[in-house]
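> Below you'll find the structure I mean.
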Amino acid sequence: MANVKVTEEKILYRKMLKACEIPLQDLQWAYLQKQAVESRLCCGSYSSEIDRVIVVLKDGKKEMFQFESMEEAKELLSRLQEAKPELAVGYTPENRALYESR
């Protein structure tokens, strides 16, 4: 799952073997997403949930960070808010309109 570090100036993370970073000044919007996943197996079915933080950049690109628990996802969102208080947080009609206007 996601191994993400938030510094005063950027988000540091890995994609496969590549070290990546996103400057905090490039962030426009961040929100939580929960997705139910169901699988059928030979001996029955399996259900689980994937918890994510989606960050939207000023250029419209999105980056997704997956976690094993919603608590971990909320912790990342909280760290992003602390590092960039003016960041639009949460999936609301107002924040969606902000994203669509740029």
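> What label, among (i) 19, 18, 12; (ii) 27, 17, 12; (iii) 38, 18, 14, belongs to semi-axes √(5λ) of the Cα gyration tensor in Å computed from the structure on display?
(ii)
> What number comes out for the charge environment of Lys10, summing +1 per Lys or Arg and -1 per Asp or Glu over other residues with Cβ under 10 Å away?
-3
> Here's something else I'd like to know. Please list 3J(HN,Hα) in residue order for the stretch 58-69, calculated via the Karplus relation 6.51 cos²θ - 1.76 cosθ + 1.60 where θ = phi - 60°; whole Hz, with x for glycine and proline.
For the stretch 58-69, the Karplus-derived couplings read 4, 7, x, 6, 10, 10, 10, 10, 8, 10, 7, 9 Hz, x marking Gly and Pro.
> Same structure, new question: When the chain is fully extended, how far beyond the present Cα-Cα distance does Lys74 get from Gln25, taking 0.36 nm per residue of separation?
Full-extension gain reported as 15.6 nm.
> Solvent-accessible area of Arg96, probe 1.4 Å, all protein chains present, reported in Å² to the nearest ten, please.
Its accessible surface works out to 70 Å², give or take rounding.
> What relative contact order, as a whole-number percentage, does the chain give when Cα pairs under 8 Å and 6 or more residues apart are counted?
Result for the chain is 26 percent.
> Which value in Å is the Kirkwood Rh of the stretch 1-55 over different Cα pairs?
Every distinct Cα pair counted, the radius reaches 13.7 Å.
> Using each residue's phi in the stretch 8-21, evaluate 6.51 cos²θ - 1.76 cosθ + 1.60 at θ = phi - 60° and report the 3J(HN,Hα) Karplus result to the nearest Hz, with x for Gly and Pro.
So the J values, rounded to whole Hz, are 5, 10, 7, 9, 10, 7, 10, 10, 6, 9, 8, 7, 10, 8.
> Sticking with this one: Could you please put Arg52, Arg79 in sequence from largest to smallest accessible area, using a 1.4 Å probe?
Reading off the accessible areas and sorting them downward yields Arg79, Arg52.
> Please work out how much accessible surface Leu27 shows to a 1.4 Å probe, ignoring ligands, DNA and RNA, in Å² rounded to 10.
10
> Tyr91's amide H: which non-local residues (gap 5+, or another chain) put their own amide H closer than 5 Å, with H modeled 1.01 Å from N in plane and none for Pro or chain starts?
It is Leu32, by chain and number.
> I'd like the accessible area for Glu49: 1.4 Å probe, protein heavy atoms, all chains in place, Å² to the nearest 10.
100
The values are calculated or read from the model by the stated rules, or taken from the named source; none is laboratory data. These numbers were taken from a predicted model, which means no experiment stands behind them. Using ideal geometry, Cβ is built from the backbone for each residue, glycine included, and neighbour counts are taken over all protein chains shown. Only protein heavy atoms, including side chains, enter the accessible area calculation; ligands, DNA and RNA are left aside. Shrake-Rupley method; radii C 1.70, N 1.55, O 1.52, S 1.80 Å.
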